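Asker: I'd like to ask you about the structure that follows.
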Amino acid sequence: MGKITVETCEIEGLKIITPSVFGDNRGYFMETYNYNDFKEAGIDQVFVQDNQSASKKGVLRGLHFQKEFPQDKLVRVIKGEVYDVAVDLREGSKTFGQWYGVLLSEENKKQFFIPKNFAHGFLVLSDYAEFCYKCTDFYHPNDEGGLLWSDPDIGVKWPIPEGMELTLSEKDTKWGGIKEFKR
């Protein structure tokens, strides 16, 4: 392996990937994805769709999931900084309803692997951020689900600096909590 370092998280299945970065006076080079390296690290998925979004400071997207067509996701930030969160929605999981968060930035170049049946969201901490993610299934607009980002039963500790105004989509203000969750 050697090209990536993989950290496991307290919630089984979640992984933080740090690529090897090779830099000199011209800049840097890194592989952001290599199937063989990821397979050796236990991430043996076939990704079928790449997505990218841009957001300004204070944008909070999530917590989203697909109900009948769940997706594994490999997420990273190519510009700026976000706090990325995954919530375990796997039926029968000993960590059902628990969350894990990680800081992703263009500087640390970390990636976050989120398996199927997790809700996902992020908060933009920099003035501007570009967020990229690979998915193992296509997006199905009629299959969208979500959880309220501020659900006290989940208890995500979003790092919201004093004075930051949050910007959310209308739907992200209306999702229910984990107690109402049904697949």
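Asker: Given Cβ point charges of +1 (Lys, Arg) and -1 (Asp, Glu) and nothing else, what value in debye, to the nearest 20, does the dipole of region 96-155 about its Cα centre take?
Answerer: Dipole about the Cα centre, nearest 20: 260 debye.
Asker: Still on this structure, I have one more. Could you tell me what % of all Cα pairs in the chain have separations over 25 Å?
Answerer: 32 percent
Asker: Given +1 on the Cβ of Lys and Arg, -1 on the Cβ of Asp and Glu, and no further charges, what dipole in debye does region 22-69 carry about its Cα centre, rounded to the nearest 20?
Answerer: 460 debye
Asker: If you don't mind, another one. Placing +1 on the Cβ of each Lys and Arg and -1 on the Cβ of each Asp and Glu in region 73-183, which of 173, 93, 118 has its Cα farthest towards the positive end of the resulting dipole?
Answerer: 93
Asker: Okay, next question. What are the principal axis extents of the Cα atoms in region 16-82, in Å, biggest first?
Answerer: 46, 35, 19
Asker: Per the Kirkwood definition applied to all pairs of different Cα atoms, how many angstroms is the hydrodynamic radius of region 106-183?
Answerer: Computed over region 106-183, the radius equals 15.0 Å.
Asker: State the answer as a single residue: which of 43, 4, 142 lies farthest towards the positive end of the charge dipole of the chain, with beta carbon charges of +1 for Lys and Arg and -1 for Asp and Glu, about the Cα centre.
Answerer: 142
Asker: A follow-up question, please. Please state the charge dipole magnitude for region 1-132, taken about the Cα centre, from unit charges on C-beta atoms (+1 on K and R, -1 on D and E), reported in debye and rounded to the nearest 20.
Answerer: Computed charge dipole of region 1-132: roughly 240 debye.
Asker: Between the DSSP loop rule and a limit of at most 10 other Cβ atoms within 10 Å, which trypsin sites (Lys or Arg not before Pro) in region 2-33 are left?
Answerer: Sites meeting the loop and neighbour criteria: 26.
Asker: Here is a further query. For residue 73, list the lysines whose Cα falls under 18 Å from its own Cα; do not include residues on the same chain fewer than 8 positions away.
Answerer: 15, 39, 109, 110, 116, 134
Asker: May I ask you to derive the relative contact order of the chain, considering only C-alpha pairs under 8 Å and at least 6 residues apart, and to give it as an integer percent?
Answerer: Averaging sequence separation for qualifying contacts and normalising by length gives 28 percent for the chain.
Asker: Then there's this: Send over the semi-axes of region 66-119's equivalent ellipsoid, whole angstrom and largest first, taken as the square roots of 5 times the C-alpha gyration tensor eigenvalues.
Answerer: Over the Cα atoms of region 66-119, the semi-axes work out to 24, 12, 7 Å.
Asker: Can you work out ³J(HN,Hα) from phi for every residue in region 86-99, in order, using Karplus 6.51 cos²θ - 1.76 cosθ + 1.60 and θ = phi - 60°, giving whole Hz and x for Gly and Pro?
Answerer: 10, 10, 6, 10, 6, 4, x, 6, 5, 10, 3, x, 8, 10
Asker: Putting +1 on Lys and Arg Cβ atoms and -1 on Asp and Glu Cβ atoms, find which of 33, 13, 54 reaches farthest to the positive end of the dipole of region 2-58.
Answerer: In region 2-58, that residue is 54.
Asker: So with the 1.4 Å probe, I'd like the accessible area per residue for the chain, rounded to whole Å².
Answerer: Accessible area per residue, the chain: 53 Å².
The values are calculated or read from the model by the stated rules, or taken from the named source; none is laboratory data. Note that this is a predicted model, so its numbers are computed, not measured. Every residue, glycine among them, receives a Cβ derived from its backbone with ideal geometry; neighbour counts consider all protein chains shown. Just the protein is used for accessible areas: all its heavy atoms, side chains included, with ligands, DNA and RNA removed. Shrake-Rupley method; radii C 1.70, N 1.55, O 1.52, S 1.80 Å.
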